[in-house]
Amino acid sequence: ESTRFASVKRIVEQDLGRPISEVFRSFEEEPLASASVAQVHRAVLKTGEEVAVKVQKPGVDQVLQADLGFLYIAARTLEFLSPELARTSLVDIVAEIRTSMLSELDFNQELRNLETFRNFLDKNGLQSKAAAPRPFPEASSKKVLTMELFKGVPLIDLEGIRGYSKNPEATLINALNVWALSVRGCEIFHADVHAGNLLVLEDGRVGFIDFGIVGSVPPAIWSAVEGVTIAFVANDPQGMAQNLIAMGATGKVDEAALAKDIASVLARIAGLETEVVLRGTGDGRVRAQVALDDEQVTELLLEVVRVTDQNGLKLPREFALLVKQALYFDRYNKLLAPDLDPLRDARVNLGT
């Protein structure tokens with residue numbers, strides 16, 4: 001549910017320390033999008049740039065800190081009452097959720113994430129393939145983030161993509177290559193690549209938006225992460241088991257049993273059905289989009305964690321972020337380029 005504009009205006013003016021009319025030439029009252037933490041409004045800066053303004057909803061910081069603090073304490077209590085849980089990833093996962101969500105509340109950090117990713121794109125000559133919005137620090141603060149307004153369609157909008165890209169498969173490959181390179185070549189990687197955060201822009205480039213949740217891979221586990229990635233793409237449960245053990249074994253692990261459990265999870269992933277749905281647009285037209293269930297992806301992630309836990313592995317918390325993004329890209333692969341083999345196609349660079 002979106003927040004009333006009077007509250008939005010008050011937050012913007014309090015956080016920026018100026019009347020909204022001193023910063024923006026115009027500011028649309030109806031939000032472009034609204035989520036649990038913030039909502040986004042279209043605006044035009046005094047200097048003429050068309051921007052998207054992300055405004056934190058009132059009171060969300062206190063509610064999140066209280067709820068997540070309780071969740072963390074509950075997990076630690078369970079660990080104390082059941083020492084067997086100490087070797088699992090339960091508390092680490094809860095800690096990761098808590099850290100990620102609380103970091104989303106500081107839009108100054110998201111602004112820095114945007115600048116870091118944009119510098120990565122520039123440094124690697126990727127501006128022709130991908131983009132991230134330019135932030136405007138002078139119109140941003142802890143609860144207000146003003147950035148370049150991107151115009152495009154979500155990666156799952158089948159008809160919309162064809163309007164901006166002659167080759168949707170190549171567009172997907174660009175998205176995958178840029179993200180994979182950022183995992184190993186940037187200080188941060190985008191850790192929430194659901195369809196709403198990956199756009200196909202009007203010029204055909206891939207737009208990465210919403211950098212509230214990011215991750216980084218410690219050098220110590222990078223080799224194992226690469227191995228898991230390759231084995232996942234190759235549908236190789238044995239290879240995944242070997243690399244997961246290298247990443248997070250806390251004692252002797254039955255590799256064959258782990259591989260068997262992983263094979264079951266891979267079978268579930270392969271068996272997910274793709275659904276094309278028709279959605280109405282504001283101008284009365286109907287567009288075909290692919291239904292991609294975020295809850296389904298999260299459920300599979302938890303299943304992977306459950307399998308590793310019950311086999312005696314305690315994985316780094318960064319791994320959960322990576323697995324979820326890999327699941328998203330696996331779904332995009334099946335939806336947009338079902339004949340594409342990311343492991344063998346020379347156009348795909350996963351860092352191997």
Within region 245-264, residues modelled with pLDDT under 90, open to solvent by less than 30 Å² (accessible area, probe 1.4 Å) and part of a helix (DSSP H, G or I) come out as 247, 248
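For residue 296, state whether it is modelled with pLDDT under 80, assigned to a helix (DSSP H, G or I) and open to solvent by 30 Å² or more (accessible area, probe 1.4 Å). Walk me through how you get there before you give the answer.
Numbers: modelled with pLDDT under 80: yes; assigned to a helix (DSSP H, G or I): yes; open to solvent by 30 Å² or more (accessible area, probe 1.4 Å): yes.
Yes, satisfied.
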Condition set touching a residue at least 24 places away in the same chain (Cβ under 8 Å) and open to solvent by 60 Å² or more (accessible area, probe 1.4 Å), scope region 35-48, selection farthest from residue 108 (Cα to Cα): answer is 46
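Name every residue in region 1-29 that is of a type in the set (Asp, Glu) and either surrounded by 14 or more Cβ atoms within 10 Å (Cβ to Cβ) or in contact with a His (Cβ under 8 Å, 6 or more places away or on another chain) (or both), in order of residue number. Quick ask: steps written out before the conclusion?
To start, the set of residues in region 1-29 that are of a type in the set (Asp, Glu) comprises 1, 13, 15, 22, 28-29.
Result: 13, 15, 28, 29.
When the residues of region 308-352 are narrowed to those that are of a type in the set (Phe, Trp, Tyr) and at pLDDT 85 or above, which ends up farthest from residue 253 (Cα to Cα)? If you could, list the steps in order and put the result at the bottom.
At the first step, the residues of region 308-352 found to be of a type in the set (Phe, Trp, Tyr) are 319, 328-329, 332.
So of that shortlist, the ones also at pLDDT 85 or above come out as 328-329, 332.
Values: 328: 28, 329: 29, 332: 33 Å.
So, considering only residues that are of a type in the set (Phe, Trp, Tyr) and at pLDDT 85 or above, the one farthest from residue 253 (Cα to Cα) is 332.
Among the candidates 212, 207, 251, single out the residue that is touching a strand residue (DSSP E or B) at 6+ places or on another chain (Cβ under 9 Å), touching a residue at least 24 places away in the same chain (Cβ under 8 Å) and over 19 Å from residue 329 (Cβ atoms). Don't jump to the end; show me each part of the working.
On the way: 207 fails: over 19 Å from residue 329 (Cβ atoms); 251 fails: touching a strand residue (DSSP E or B) at 6+ places or on another chain (Cβ under 9 Å).
Exactly one residue qualifies, and that residue is 212.
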Within region 230-238, is there a residue that is part of a helix (DSSP H, G or I), without any contact (Cβ under 8 Å) to a residue 12 or more places away in the chain and either among the polar types (S, T, N, Q) or under 30 Å from residue 256 (Cα atoms) (or both)? no
Among the residues of region 204-231, the number that are under 23 Å from residue 160 (Cβ atoms) and charged (D, E, K, R) is 2
For region 304-318, the count of residues that are within 17 Å of residue 259 (Cβ to Cβ) and part of a helix (DSSP H, G or I) equals 7
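The values are calculated or read from the model by the stated rules, or taken from the named source; none is laboratory data. Here the structure is a predicted model, which is why all the values come from computation and not from measurement. Reconstructed Cβ throughout: ideal geometry from the backbone, glycine too, with neighbour counts over all protein chains shown. Keep in mind that these areas ignore ligands, DNA and RNA; they rest on the heavy atoms of the full protein, side chains included. Shrake-Rupley method; radii C 1.70, N 1.55, O 1.52, S 1.80 Å.
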